[in-house]
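**Q** Let me give you the structure first, and then I'll get to my questions.
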Amino acid sequence: MPEPLLQIRAVDAFYGDFQALFDVSLGVEAGQVIAVIGANGAGKSTLLRCIAGLMHPARGEIVFENTAVTHIPAFEILKRGIALVPEGRRLFPSLTVEENLLIGGQSRRPGPWTLARVYELFPVLAERRNLPAPALSGGQQQMAAIGRALMGNPRLLLCDEISLGLAPIVVRDIYARLPQVTAEGLSLIIVEQDIVQALRAASHVYCLQEGRVALQGPTRDLTREKISAAYFGV
Amino acid sequence: MQWLNVILQGVLIGGLYAMFAAGLSLIFGVMRLVNIAHGDLIVLAAYVSLMATQAFGVDPLTSLLLVVPVMALIGYALQRGLLNYTLGDDLLPPLLVTFGLSIIIQNGLLEAFTADSRKLQAGAIEVQTFQLAQNLWIGALPLIQFIVAVAVIAALQLLFYRTALGRALRATSDDQAVAQLMGLDTRHVFAVAMALSLAVIAVAGVFLAVRANFDPAIGPARLIFAFEAVIIGGLGSMWGTLAGGIILGVSQAIGAQIDPGWQLLAGHIVFLAILAVRPQGLFPKVSG
Amino acid sequence: MTVEHATRSSRVGIAIIAIAAVILTLAPYWGDRQTLRLLAEMFTFVALASLWNLLAGYAGLVSVGQQAFVGLGGYVLFALAILFDVNPILAILIAGPIGALIAVPVAILIFRLRGAYFAIGTWVVAEVFRLLASQISVLGGGSGISLPASVVLTMAPSRQMREFEMYWLALLLTVAILAAIFALLRSRHGLALTAIRDNELAAQSNGIGVWNIKFAVYVLTAFGTSMVGAFIFLQKLRISPDTAFSVNDWTAFVIFITVIGGIGRIEGPIIGTIIFFALRQTFAGLGSFYLLMMGAVAIIAMLWAPKGLWGLIVERLGWQVLPLQRHLVLGKDTRGKS
């Protein structure tokens, strides 16, 4: 049984006095796609922020490739091989599309993802490569944000609510390309409010409810009723 | 013809003002920090050049080889060791800390060098002039300074928009948190920006030292010129800063021509007028 | 349910202040001329620092150009006394409204700048005032002018009476300014100011007219600063552009006092002034090294004790000397739930 790529054990996280995560544990195998679903405020983004080093858990540990990364600062996390596609895209507005992609690769990690490869995955970005990032539509910006994260050649990609604010057809288009992303063994954690897409893309699901893991398991084993119950906490 | 001469002199010194302003503008663009000690750092550079010329017997322009790296190093250390800790949402700490720094530098220089007025000698080039037309002369040194100022600003533009470092600076100024996710250590990025700013200040300081008398107390006036050039030209635009410097220089030159006591006042009045009529400056960039 | 201001410590504080006020009022009877002058100087700094504190600590307007109004007040006094034969003490009272009047167009101009750029803008204004003052030859131009003996004599017949008069004037002026600031902070507008101090964006979205309040505070501060400036130069008997508009004397020291004592707290400037003068007496002969140290202390304070000495005390002990906090006191009557 191979060691999991990422192991989160009993993590508690706080914003000041407010506890956002309670005893959360989660595991990701190499090459696996995991979905983390839950209502607004359930703690999904908080979990990703902890993994990415933007905040640190008060208790518990996060282990990546057998090394503890619980307290390493955000700017080190990419070097370890974890990249985050932030909630709301957050492209750099002063940079063009291409510059945004290039800065994603500025850590020069070796790997299959290059500018050319990203443009192959998202041809619309190649057409708009010299436009300032804010000139793109929401869906295009999301693609650019994903491309930017891929340029860092991570082993684990964290996607924070990539469907947020996008039309369903655009969301479908983006999700349709995800298999190309995972083809070479890249692992994915998808945080979503759009349950349908998340369940289609992932092999395993974790459902958070008010900071706790309310449900987890292989996607095919979980029924709609179980998920609804866990999601809404009834 | 006399007025043409006056305006020409004003344009040339405007280049120096633009150089004063470029460092200030850079730092504000990258980290929203206004360094109240900016003018005093220009004076510090002048004194470093003084020490270099005295210790190694070189002329001021050669001393740049030493002054620029020394000031850049000081800038890196200053940002990393002190100013990084003042950055944040509150505007008081960076303001008051750099104000305190200004007092420290001024009085440190006073203790070390006394209040005596100094000037660096650049040799024959100081008195060399070219005649452009009848009754129209241009000094070699002011011309060189102007050309260097334009070159420095062009180099900064190039750096910001054509290099990986420039990308990193712009990204960090846009969004610190996400910049970190790209693997950028923002403490280091900010320190590099400050080192860059002080490198520009170094050049400006040496030129100041050669052009005019300097003493520890003239820092605040340089800060004010730099600030006025930035505001007149418009926040966020390097070329706007050049234009601002030139306008300030010309205003002062015209004022001085009317009455020597009116030199500084003329500059301030033009600044206040632009503030009143077009507060965003003449050539602002959208993000500031 | 009522809103109360006082706490136990503030009741103690008020008592201490009352006793101090009596002692200080009687100072001419127990202190020598040296002491009176020192106390008067301390009072002026308490006043200047309190006004700067109101501007920066409460309204969020950091000015490094208040020397503009100190000098303006001084020059107004000299102009009125020398050119128009106005009684110097009356001239102090007139300096206030004149300072406020001039502050109006100044504010309209420099309020177009924000944050640190605003700060430098205030400095530019002070520089403009300084340069204009050196152009006024009837008041000595660049080298300045002394107050003629004839004017000085109109204040009081004997030198000792004059000293006493100046002392009480300083005390009265400072107490009046502190009282005005206290009254403002305690009023409805003061609550708005405290809201702005704590979180400007939130205050604005709650409908508080932030620009108007800041404008009013700037003008009122100019009013007070001009009066203090007029007094300061009446005391000095001589004015020049460089002393009138000195950044070091009227801004650097004031900022130091406020930062060390505690920004945004009314007690801060008082504590800060005491510390500043204690340091000054101790390190008197060191010249620019003293200023250097002062700058270093201010930096250290800003980084490690940003709320100043008083802020530290408040955090640790919850004291307040002057009853400014607002406490909700739930039901002295006990109808319904307790």
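**Q** Would you confirm whether any residue within the range B:130-140 is modelled with pLDDT of 90 or more and among the aliphatic types (A, V, I, L, M)?
**A** Here is the first cut: in the range B:130-140, the ones modelled with pLDDT of 90 or more are none.
Among the residues of the range B:130-140, not one is modelled with pLDDT of 90 or more and among the aliphatic types (A, V, I, L, M), which makes the answer no.
**Q** Additional query: Which residue is nearest to the chain's Cα centre (by Cα), if the candidates are limited to the range C:288-312 and must be of a type in the set (G, A, S) and over 13 Å from C:I263 (Cα atoms)? Let's see the steps before the verdict.
**A** As a first pass, look at the range C:288-312 and keep what is of a type in the set (G, A, S): C:288, C:295-296, C:298, C:301, C:305, C:308, C:311.
Filter once more, keeping what is over 13 Å from C:I263 (Cα atoms): C:288, C:295-296.
Details: C:S288: 24, C:G295: 20, C:A296: 23 Å.
If we take residues in the range C:288-312 being of a type in the set (G, A, S) and over 13 Å from C:I263 (Cα atoms), then C:G295 is nearest to the chain's Cα centre (by Cα).
**Q** OK, next. Keeping to the range C:228-269, report how many residues are farther than 19 Å from C:R37 by Cβ, of a type in the set (A, V, I, L, M, F, W, C) and touching a Gly at 6+ places or on another chain (Cβ under 7 Å).
**A** The number of residues fulfilling the criteria is 5.
**Q** Okay, next question. As an exercise: evaluate C:Q135 against (1) of a type outside the set (A, V, I, L, M, F, W, C); (2) in contact (Cβ under 8 Å) with a residue 24 or more places away in the chain; (3) facing another protein chain (nearest Cβ under 7 Å) and give the number of the one condition it does not meet.
**A** Only one criterion in (1) of a type outside the set (A, V, I, L, M, F, W, C); (2) in contact (Cβ under 8 Å) with a residue 24 or more places away in the chain; (3) facing another protein chain (nearest Cβ under 7 Å) is unmet by C:Q135, namely (2).
**Q** Spot the failing condition for C:A59; the list is (1) modelled with pLDDT under 95; (2) more than 30 Å from C:N199 (Cβ to Cβ), and only one is missed.
**A** Of (1) modelled with pLDDT under 95; (2) more than 30 Å from C:N199 (Cβ to Cβ), only one is false for C:A59: (2).
**Q** Now, a different point. Taking helices (runs of 4 or more DSSP H) that do not extend beyond the range A:126-234, which have at least 2 residues that are touching a helix residue (DSSP H, G or I) at 6+ places or on another chain (Cβ under 7 Å)?
**A** Numbers: elements: A:138-150, A:168-182, A:195-201, A:224-232.
So the answer is A:138-150, A:168-182, A:195-201.
**Q** Looking only at the range C:109-119, how many residues end up being at the interface with chain B (Cβ under 8 Å from one of its Cβ atoms), surrounded by fewer than 19 Cβ atoms within 10 Å (Cβ to Cβ) and among the hydrophobic types (A, V, I, L, M, F, W, C)? Spell out how you get there, then give the answer.
**A** Residues of the range C:109-119 that are at the interface with chain B (Cβ under 8 Å from one of its Cβ atoms), as a first pass: C:109-110, C:112-113, C:115-117, C:119.
Next cut, surrounded by fewer than 19 Cβ atoms within 10 Å (Cβ to Cβ) only: C:109, C:112-113, C:115, C:117.
Okay, now just the ones that are also among the hydrophobic types (A, V, I, L, M, F, W, C), so C:109, C:113.
Within the range C:109-119, residues that are at the interface with chain B (Cβ under 8 Å from one of its Cβ atoms), surrounded by fewer than 19 Cβ atoms within 10 Å (Cβ to Cβ) and among the hydrophobic types (A, V, I, L, M, F, W, C) number 2.
**Q** Being part of a loop (DSSP other than H, G, I, E, B) and either under 16 Å from the mean Cα position of the chain (by Cα) or within 14 Å of another protein chain (Cβ to nearest Cβ) (or both) is the filter here; which residues of the range C:48-96 pass it? Steps first, please.
**A** Let us first name the residues in the range C:48-96 that are part of a loop (DSSP other than H, G, I, E, B), namely C:59-66, C:85-87.
Result: C:A59, C:G60, C:L61, C:V62, C:S63, C:V64, C:G65, C:Q66.
**Q** Among the residues of the range B:235-288, how many are within 12 Å of chain C (Cβ to nearest Cβ), at negative phi and outside any helix (DSSP H, G or I)?
**A** 6
**Q** Also, quick follow-up: Exactly one of (1) at negative phi; (2) in contact (Cβ under 8 Å) with a residue 60 or more places away in the chain is unmet by C:L237. Its number?
**A** (1)
**Q** While we're looking at this one, here's another question. For C:G141, indicate whether it is under 29 Å from B:D259 (Cβ atoms) and part of a loop (DSSP other than H, G, I, E, B). Before you say what the answer is, go through the steps one by one.
**A** Working: under 29 Å from B:D259 (Cβ atoms): yes; part of a loop (DSSP other than H, G, I, E, B): yes.
For C:G141, the condition - under 29 Å from B:D259 (Cβ atoms) and part of a loop (DSSP other than H, G, I, E, B) - is met.
**Q** To continue, here is another question. Give the residue that is farthest from A:S137 (Cα to Cα), with candidates limited to residues of the range A:63-79 that are surrounded by fewer than 23 Cβ atoms within 10 Å (Cβ to Cβ) and either of a type in the set (A, V, I, L, M) or facing chain B (nearest Cβ under 10 Å) (or both).
**A** In this case the residue turns out to be A:A68.
**Q** Residue under question is B:L184, and the condition is that it be facing another protein chain (nearest Cβ under 8 Å) and outside any helix (DSSP H, G or I); does it hold? It would help to see each step written out before you state the result.
**A** Details: facing another protein chain (nearest Cβ under 8 Å): yes; outside any helix (DSSP H, G or I): yes.
Yes: the conditions hold for B:L184.
Per-residue answers, yes or no, for (1) out of contact with any Cys (no Cβ under 8 Å at 6 or more places or on another chain); (2) more than 14 Å from every other protein chain (Cβ to nearest Cβ); (3) surrounded by fewer than 21 Cβ atoms within 10 Å (Cβ to Cβ):
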residue	(1), (2), (3)
A:S107	yes, no, yes
A:L115	yes, no, yes
A:E120	yes, yes, yes
A:L125	yes, yes, no
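The values are calculated or read from the model by the stated rules, or taken from the named source; none is laboratory data. Keep in mind it's a predicted model, so treat the numbers as computed, not measured. Because the Cβ atoms are built from the backbone with ideal geometry, glycine has one as well, and the counts that use them run over all protein chains shown.
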